[in-house]
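The values are calculated or read from the model by the stated rules, or taken from the named source; none is laboratory data. What you see is a predicted model; the values in this text were computed from it and never measured. Cβ sites come from the backbone with ideal geometry, for glycine too, and all protein chains shown count toward neighbours.
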Amino acid sequence: NGEKLTLGIESTCDETGAALVAGKTRLIANVVATSMDEYARYGGIIPEIASRAHLESFLPVVTSALDQAGAKLEDVDQIGVAAGPGLIGSLAVGIAGAKALATATGKPLYGVNHVIGHLAVDQLVNGTIELPAVGLVVSGGHTNLLLITDFGAPGGIRELGGTLDDASGEAFDKVGRVLGLPYPGGPHVDRLSREGTLHAIDFPRGLAGAKYAKTHPYDFSFSGLKTAVARWVDGLERTPEVRNRPDFTKDFSATKEGKPWLPVAEICKGFSESVNDSLVTKTMQALADTGAKTLVVGGGYSANSRLREWLGKECEANGVTLRIPPLKFCTDNGAQIAAITAAVAEAREPSAPDFSPVSALDL
Ligand code: KG4
Ligand code: ZN
């Protein structure tokens with residue numbers, strides 16, 4: 001029926017993904033394998049393990065996506081692969097695989113931006129996004145504010161700002177580690193924060209207020225906040241009353257009579273409030289400044305309950321349409337790459353055959 005069939009391949013971090021999209025928005029297959037389970041005992045991703053897992057999963061994942069769609073590789077019209085940003089070894093495996101498929105079939109290959117894919121993917125689930133839109137990408141690896149006027153055309157995406165240090169999910173994971181919670185700590189910190197009392201403990205906001213309104217209006221910084229939390233916990237640890245308690249343990253998730261004996265929930269609450277205040281305040285500012293009436297949110301951190309609640313309230317109050325894809329499309333996947341490839345392929349030439357991964361990819 002003239003609709004092009006796009007194969008999207010994702011391998012920027014620890015997920016190997018392949019998906020097929022017909023036309024620009026019809027998702028017909030989506031398969032993801034992850035090596036996340038390997039990292040709990042290390043407390044973080046080990047790039048070498050991730051690269052090897054991509055190598056093992058690449059063909060099975062692509063094959064299973066084609067099977068799911070009832071398609072053959074020859075039926076595919078164009079192939080897209082995430083060119084970055086991400087772990088260089090992980091990217092290299094996906095790109096080498098995608099080049100092999102493109103060369104074998106003679107199909108055009110596009111190296112595309114993974115971050116923009118996090119936003120474009122929403123169109124596969126919730127339909128075409130009204131532009132211009134502000135995009136907020138929040139995950140363990142990225143925290144970006146973007147202005148989207150066109151998903152595919154060169155210059156259609158402008159970076160308004162981003163984190164100067166840790167990503168929002170990364171900051172949550174680091175605080176989780178300080179509190180002795182399992183990796184990744186983000187969801188645990190989020191869960192505990194819901195049991196805390198607002199303002200019981202307040203932490204500073206990074207790059208906030210008039211001082212930064214001109215120089216960093218849409219930028220974020222979370223590493224000072226993470227240090228503030230660590231210091232707060234250390235301070236408690238060092239008081240002899242706490243240290244000499246017979247039940248003292250570094251495992252702060254430990255409970256006494258069913259309750260955590262450090263104010264873990266209060267710490268999580270104060271920390272979560274600080275991160276989300278920065279995210280919401282700067283995102284709403286970007287919407288006001290650009291006049292965009294749509295906000296698209298993507299990335300694994302968009303699971304955060306406080307962010308969802310807060311953005312929902314602010315968008316409603318300001319007449320902004322809030323678009324957040326279901327969680328399985330927020331974490332890394334092939335569908336996001338197929339979605340952005342379908343848009344890019346209409347506006348650009350295929351990538352040169354010698355293109356390389358870019359670990360810190362420009363937009
Ligand atoms: O997009 P994603 O699955 O992986 C990449 O980073 O690419 O995002 C995972 C990140 C982790 O840092 C995880 O701790 C965080 O998102 N995360 C959360 C929540 N769910 C996942 N952080 C805070 N609250 C949550 N509910
Ligand atoms: Zn991602």
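Data for the structure
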quantity	calculated
Matching option when the condition is more than 16 Å from ligand 1 (Cβ to nearest atom) and part of a helix (DSSP H, G or I), among Glu316, Glu349	Glu316
Selected residue [within 12 Å of Lys282 (Cα to Cα), outside the structural domain of Gly80 (by TED's automatic domain parsing) and within 16 Å of ligand 2 (Cβ to nearest atom)] from Gly162, Gly186, Gly209	Gly162
Flag for Ile95 being surrounded by fewer than 22 Cβ atoms within 10 Å (Cβ to Cβ) and among the β-branched types (Val, Ile, Thr)	no
1 or more residues within 30 Å of Ala288 (Cα to Cα): qualifying helices (runs of 4 or more DSSP H) within the stretch 42-158	114-120, 122-126
Pairs with Cβ under 7 Å, 6+ apart, first in the stretch 1-15 and farther than 24 Å from His142 by Cβ, second part of a loop (DSSP other than H, G, I, E, B)	Glu3/Gly23; Lys4/Gly23; Lys4/Asp77; Leu5/Ala71; Leu5/Val76; Leu5/Asp77
Evaluation of Asn30 against (1) within 16 Å of ligand 2 (Cβ to nearest atom); (2) closer than 30 Å to Glu130 by Cα; (3) of a type outside the set (Ser, Thr, Tyr); (4) in contact with a Ser or Thr (Cβ under 9 Å, 6 or more places away or on another chain) (one fails), failing number	(4)
Selected residue (criterion: nearest to Val344 (Cα to Cα)) from residues of the stretch 137-150 that are in contact (Cβ under 8 Å) with a residue 60 or more places away in the chain and within 13 Å of ligand 2 (Cβ to nearest atom)	Val137
From the options Ala292, Ala360, residue that is modelled with pLDDT of 95 or more, of a type in the set (A, V, I, L, M) and assigned to a loop (DSSP other than H, G, I, E, B)	Ala292
Residue in the stretch 53-64 that is within 18 Å of the chain's Cα centre (by Cα) and either closer than 27 Å to Gly169 by Cβ or within 14 Å of ligand 1 (Cβ to nearest atom) (or both) present	no
Failed item in (1) within 16 Å of ligand 2 (Cβ to nearest atom); (2) farther than 27 Å from Ser221 by Cα; (3) among the aliphatic types (A, V, I, L, M), with Val62 passing the rest	(1)
Out of Gly44, Gly8, Gly23, sole residue that is at pLDDT 95 or above and within 18 Å of the chain's Cα centre (by Cα)	Gly8
Flag for Ala104 being closer than 24 Å to Val275 by Cβ and either at pLDDT below 95 or not assigned by TED's automatic domain parsing to the domain that holds Gly291 (or both)	no
Tabulated pairs, the stretch 81-102, first more than 17 Å from Ala352 (Cβ to Cβ), second of a type in the set (A, V, I, L, M, F, W, C) and at pLDDT below 95, C-beta under 6 angstrom, 6+ apart or interchain	Pro85/Ala360; Pro85/Leu361
Qualifying residues in the stretch 109-156 (those that are among the charged types (D, E, K, R) and surrounded by fewer than 22 Cβ atoms within 10 Å (Cβ to Cβ)) - the one farthest from Asp219 (Cα to Cα)	Glu130
